[in-house]
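Below is one structure, written out as structure tokens; comments come after it.
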Amino acid sequence: MTILDGKATSAKYKQAIAAEVAERIAQGKKQPHLVAILVGDNGASKTYVASKEKACNEVGFKSTVLRFPAEMTEADLLKEVARLNADSDVDGFIVQLPLPAHIDEQKIIEAIDPSKDVDGFHPENVGRLCLGLETFVSATPYGIMCLLEEYGVETKGKHCVVLGRSNIVGRPMANLLSQKGYPGDCTVTICHSRTRNIASYTKDADIIVAALGSPEFLKGDMVKDGAVIVDVGITRVPDETAAKGYRIVGDVAFDEVAPKASYITPVPGGVGPMTIVSLMRNTLLAAQRREK
Ligand code: NAP
């Protein structure tokens, strides 16, 4: 069994991005600038934005975090999005999800200029992904594809089961894995909360991507020997013995599944760091495209 080490791979990618940024600056080009909008006080969102800010510093990007109270109106957030769309110093920006319930997330996503939508959530970018056109691939599926490629995991003709059909993970993941070429060329099954007898699909899978948000959902008896396991899940489970009062648990029962797997991502240290570095790659790409 081989660990798909997202921490080590992302560190390598970050070095490459940092070298490219240094070269850009030496050529008199602009420092890529990523802006994150954070609305409200969600603990997990604050942690994610802090990780993105840290990664920006590591690769030499300019990073700005705009923090707003949970009471911010939808109209004011739309104004902020319009301002960033128009700001020529900003190469890319993200609106950290989830947003407070009174704000229509889809409306906000659709207001973002697709050329600055480094999260790849705008319908135009999602549509381009579905058509196999150049786009911003959303960070988590992008990071997973890179990790599979980094380890030379065979995907052609494999049966891949994606657990979860969210717009940000499950659906784009299924799309990418079914695209022509490497990594891709998989036969893909998507499972969700209405799927009957999920184990019957996972037991047949060569590759499983678990993106449910259901701690340790995938058990040892649900996978076949030699399967490739990608665990996207991040759930904070209360734990009095942990300093923060919680621990992070994935969607895979790692101790049961790992002995049967050929490759497996750990949680933490698997998909999470690959997601962050993929956002950095998209931001660099946005800066490069804006020069053309
Ligand atoms: P989401 O929007 O809540 O979607 C979850 C999907 O899983 C839905 O399609 C849901 O089915 C399905 N589902 C949930 N419980 C299920 C069950 N018991 N059986 C079958 N299907 C079930 O979540 P998400 O945004 O895709 O995120 C999924 C997980 O990945 C979360 O833990 C999240 O924190 C994590 N995540 C991690 C990263 C990272 O960088 N590592 C990035 C993004 C997300 P329905 O559609 O039928 O409701």
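Bear in mind that the values in this text are calculations on the coordinates, not laboratory data. Every value quoted in this text rests on a predicted model; they were computed, and no experiment measured them. No Cβ is skipped: glycine too gets one built from the backbone with ideal geometry, and neighbour counts run over all protein chains shown.
List of remarks:
- Relative contact order (percent, whole number), the range 225-292, Cα cutoff 8 Å, 6+ residue spacing: 34 percent
- Backbone amide hydrogens, once placed in the peptide plane, bring Val188 within less than 5 Å of Cys160, excluding anything fewer than 5 places away on its chain.
- Backbone amide hydrogens, once placed in the peptide plane, bring Leu4 within less than 5 Å of Ile264, Thr265, excluding anything fewer than 5 places away on its chain.
- Taking each residue as 0.36 nm, the span from Ala11 to Thr64 lengthens on full extension beyond its C-alpha to C-alpha distance by 16.9 nm.
- Top of Asn197, Asn85, Asn175 by mean-square fluctuation, Gaussian network on the chain, Cα under 10 Å: Asn197
- Taking the longest Cα principal axis of the chain as reference, the axis of helix 43-59 is set at about 70 degrees.
- Taking the fewest neighbouring Cβ atoms within 10 Å as the starting point, the ordered list for Leu133, Leu77, Leu147 is Leu133, Leu77, Leu147.
- Using C-alpha pairs below 8 Å separated by at least 6 residues, the relative contact order for the range 119-232 is 23 percent.
- Principal-axis tilt of helix 271-291 within the chain, Cα atoms, nearest 10 degrees: 40 degrees
- Ellipsoid semi-axes in whole angstrom, largest first, where each is sqrt(5λ) of the Cα gyration tensor of the range 81-185: 28, 15, 11
- Kirkwood Rh in Å, taken over all unlike Cα pairs in the chain: 19.7 Å
- Length gained when the stretch Asp255-Gln106 is fully extended (0.36 nm per residue, less Cα-Cα span): 49.8 nm
- The length gained by stretching the chain between Glu23 and Thr73 to full extension, at 0.36 nm per residue less their Cα-Cα distance, is 13.9 nm.
- Checking the cross-link pairs Lys14/Lys46; Lys12/Lys62; Lys46/Lys244; Lys79/Lys107 against a 18 Å limit on the alpha carbon distance flags Lys14/Lys46; Lys12/Lys62 as lying beyond it.
- Computed per residue of the chain from DSSP H runs no shorter than four, each worth -39500 (n - 2.57), the mean residue ellipticity at 222 nm is -12500 deg cm²/dmol.
- Acute angle (nearest 10 degrees) that the helix 74-86 long axis makes with the longest principal axis of the chain, alpha-carbon atoms: 70 degrees
- Cysteine residues of the chain whose Cβ has no partner cysteine Cβ closer than 4.7 Å: Cys56, Cys130, Cys146, Cys191.
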